[in-house]
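*Asks:* Sharing a structure, written as structure tokens. Questions coming.
Read-outs: derived from the displayed coordinates by stated rules, not from any lab. None of the values given here were measured: they were computed from a predicted structure. Here the Cβ positions follow ideal geometry from the backbone for every residue, glycine too, while neighbour counts run over all protein chains shown.
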Amino acid sequence: MDWKHGYFAESGYTYGYYPETSPARLRWAALLKGIKAPSSHFRYLDLGCGQGLNLILMAANHPDSEFVGIDFMPEHVAHGRALAESAGLSNVRFIEGDFIQLAEGLATLESSLGTFDYAVAHGITTWIAPAVREALFKLAGSLLKPSGLMYNSYNTYPGWLPASPFQHLVMQLQQRYSGPQALQLAQQHMAALKESGSALYSLVPLLDGRLDNMKKQDATYLVQEYNNQYWQPVYCSQMLQLARQYKLDFAVSATLPEVFEGAYPPKLLAQINSETDPVVRETLRDLALGQSFRRDLYVKGALIYWSKDKSDQLLDQRFLATQSVPAPTADSNFEIKGGALSLNGKREAYMEVLDAFGPDGASLRQVQEALPKVSFPTLVQITSLLMHGGWMALDCAGGNTHSNTAPPFYASSLNAAIGVAVLAGAPYRYVALGRVQSAMGVSDLDLMLIGLTAQGVESAQLGLQLHLAMGQLGKRFVVEGKTLEDDATAKAHAIGLAGQFISEKLPNLKRLGAIQSQLL
């Protein structure tokens, strides 16, 4: 077998951000179960880091901590190193390595890398060969410190059962065609089978919906999802038992809605809780929900808070409203999706909590005092779900939940580098948020304006320079589905966008720590 081990390595992975992998979110999920995890001065290992953008965003948000990414694709490692260097980040490094080879030289690796508080394997363990997966877990189990946390996200049954026939066809076609061609031909064959009245669609009625959803998805993502030789969803019991072999016990779901019992129908919850063994209980949960993707958090020997210490940690944690996701209209509720759960939060109750934290932030203790009629468990649940939905974020000012002093926003240097790169045609769509130790999706136009600002363009000239930058990239503005062909109209539109960015978006980006306050 060649160096790829059956993995589709003909093209690089997407440039994404995955909020559940952020240290602040992992710590909060663990805290909900009374498990200790560090909020500062930690070490974080990303196993299969892809392009490295996710890791770099987190490194910029945690300048006091150390981040290491390992990936076997040279393209990914080269990209991560270049972006980190352009942003001036010294607390993140990338290693080109094969998990199997690294696991065989584990003693040497431990000596050179040391141990870690967090290890992450996002979207990799059900896409790689069994031997590679074993090696990955061996590395995580050995390199994590006692009490360390491991995040593992992966495809699961029963939710992925409907897509199995399609993926099998993709792999047959890939023996003769390139990855994108095999994927496209498989889609064409499936459409023809449907039109001809194939019995497959009666046997697997959810297949049609899967295929239809693919039309809306990024082609780069799709080949990484379906074109790996060893793509194989598993029942969670198989993954949990593998983790146990390396001293990693299931702790909690990193998908926050799944943590709270109030999110489940009572009869389903009673059946799930009727089992005391965590593996059987999680299996029942997946069967009940029709789960297709899990975000597990394992612990290598849990360090538990005593009950009062846990309460104090929860009460002292600060949150703030992000003001980046619109609240629902007066006649709508908060729709929250997490994993296979879809929740409908009552607008009145959720808005009351959101308003109580406000844009300046507050601790749970302060909000509990302000809302005495809301029970503390309910307050914790609503707050967590609002954070999951993007309406709120952990307020990590100063890297210390007991401090109200915001640190220098190191994230701003990364965002400047990202913006400049987008001006050159890079596909990035996220900015780091230093105050809340998270990241946020933004448009390419907003990133171009950030890049222009970083290059010293005055606010009065931003619109004109945005118009010029679009022309240099061969791009046109599109408004309500129509391309602005007239140069004068496009220029006026660019000036309007720049004004809107300065007056409406920039203040919030500054507040969240994406841009240094003295800029603009």
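*Asks:* Counting C-alpha atoms alone, how compact is segment 161-226: give Rg to one decimal and Dmax as a whole number, in angstrom.
*Replies:* My reading of the Cα-based Rg and Dmax gives 11.4, 31 Å.
*Asks:* What is segment 96-210 by shape, rounded, prolate or oblate, if you read a ≥ b ≥ c off the alpha carbon gyration tensor as root eigenvalues and call it rounded for a/c under 1.5, prolate for a/b larger than b/c, and oblate otherwise?
*Replies:* Numbers: a/c = 4.33, a/b = 2.39, b/c = 1.81.
The shape class here is prolate.
*Asks:* With 10 angstrom as the radius, rank 3, 28 by how many other C-beta atoms surround their C-beta, starting from the fewest.
*Replies:* Numbers: 3 11, 28 23.
Least to most surrounded, the residues fall as 3, 28.
*Asks:* Something else about it: Enumerate by residue number the trypsin sites (Lys or Arg not before Pro) in segment 299-359 meeting two conditions: DSSP loop (anything except H, G, I, E, B), and at most 12 other Cβ atoms within 10 Å of the site's Cβ.
*Replies:* On the way: sites: 300, 308, 310, 318, 337, 346, 347; in loops: 300, 346.
Those that pass, being in a loop and sparsely packed, are 346.
*Asks:* Rounded, prolate or oblate: which fits segment 411-511 when a ≥ b ≥ c are the square roots of the eigenvalues of the alpha-carbon gyration tensor, with rounded for a/c under 1.5 and prolate only if a/b beats b/c? Could you put the intermediate results ahead of the total?
*Replies:* On the way: a/c = 1.79, a/b = 1.67, b/c = 1.07.
In terms of gyration-tensor shape, prolate.
*Asks:* Count the net charge of all other residues whose Cβ sits under 10 Å from the Cβ of residue 103, scoring Lys and Arg as +1 and Asp and Glu as -1. Intermediate values should be presented prior to the final figure.
*Replies:* On the way: positive: 138; negative: 98, 104, 134.
Residues close to residue 103 contribute a combined charge of -2.
*Asks:* Can you sort 25, 429 from fewest to most other Cβ atoms within 10 Å of each residue's own Cβ? Mind showing how you got there, number by number?
*Replies:* Values: 25 23, 429 19.
Lowest to highest Cβ neighbour count: 429, 25.
*Asks:* Take residue 203, project a point 7 Å from its Cα along the Cβ direction, then tell me which residues of segment 148-168 have their backbone nitrogen under 17 Å from it.
*Replies:* Only 160-168 fall inside the zone, counting backbone N under 17 Å.
*Asks:* Would you tally the net charge around residue 304, using a Cβ to Cβ cut-off of less than 10 Å, leaving residue 304 out, and scoring K and R as +1, D and E as -1? Could the numbers behind the result be given before it?
*Replies:* On the way: positive: 33, 36, 310; negative: 309.
That works out to +2.
*Asks:* Please give the length that would be gained between residue 487 and residue 370 if that part of the chain were fully extended, namely 0.36 nm times their separation in residues minus their C-alpha to C-alpha distance (nm, one decimal). Show your work: numbers first, answer last.
*Replies:* Working: separation 117, 0.36 × 117 = 42.12 nm, distance 5.41 nm.
Answer, rounded to one decimal: 36.7 nm.
*Asks:* Note down the magnitude of the dipole of the chain about its Cα centre, charges +1 on Lys and Arg C-beta and -1 on Asp and Glu C-beta and zero elsewhere, to the nearest 20 debye. Numbers along the way, then the final one.
*Replies:* Numbers: 41 positive and 47 negative charges, 114 e Å.
The calculation lands at about 540 debye.
*Asks:* Please list, by residue number, every one of the GluC sites (Glu not before Pro) in segment 418-520 that is coil in DSSP and has at most 12 other beta-carbon atoms within 10 Å. Provide the component values of the computation, followed by the final result.
*Replies:* Numbers: sites: 458, 480, 485, 504; in loops: 458, 480, 485.
In loop regions of segment 418-520 (DSSP not H, G, I, E or B), the sparsely surrounded GluC sites (Glu not before Pro) are 458, 480, 485.
*Asks:* Taking 1 over the mean of 1/r across every pair of different Cα atoms in segment 318-399, what Kirkwood radius in Å do you get? Let's see the in-between values first.
*Replies:* Working: mean 1/r = 0.0777 Å⁻¹.
By the Kirkwood definition, the hydrodynamic radius is 12.9 Å.
*Asks:* Taking only the C-alpha atoms, wrap a convex hull around segment 245-344 and report its volume per residue in Å³ as a whole number.
*Replies:* On the way: hull volume 16.8 nm³, N = 100.
It comes to 168 Å³ per residue, whole-number rounded.
*Asks:* Shifting gears a bit: Order these by the 10 Å Cβ neighbour count, fewest first: 56, 100. If you can, show how the numbers build up before the last one.
*Replies:* Numbers: 56 30, 100 17.
In increasing order of surrounding Cβ atoms, one gets 100, 56.
*Asks:* How would you classify the chain from its alpha-carbon gyration tensor, with a ≥ b ≥ c the square roots of the eigenvalues: rounded for a/c under 1.5, else prolate if a/b is greater than b/c, otherwise oblate? Walk me through the intermediate numbers first.
*Replies:* Details: a/c = 1.30, a/b = 1.08, b/c = 1.21.
Here the chain falls in the rounded category.
*Asks:* Under a cut-off of 23 Å between alpha-carbon atoms, report the lysines in cross-link reach of residue 247, not counting same-chain residues fewer than 8 places apart.
*Replies:* 33, 36, 138, 145, 300
*Asks:* Which percentage, to the nearest 5, of the DSSP beta bridges contained in the chain is antiparallel?
*Replies:* Values: 28 of 47 bridges.
Beta bridges within the chain, antiparallel portion: roughly 60 percent.
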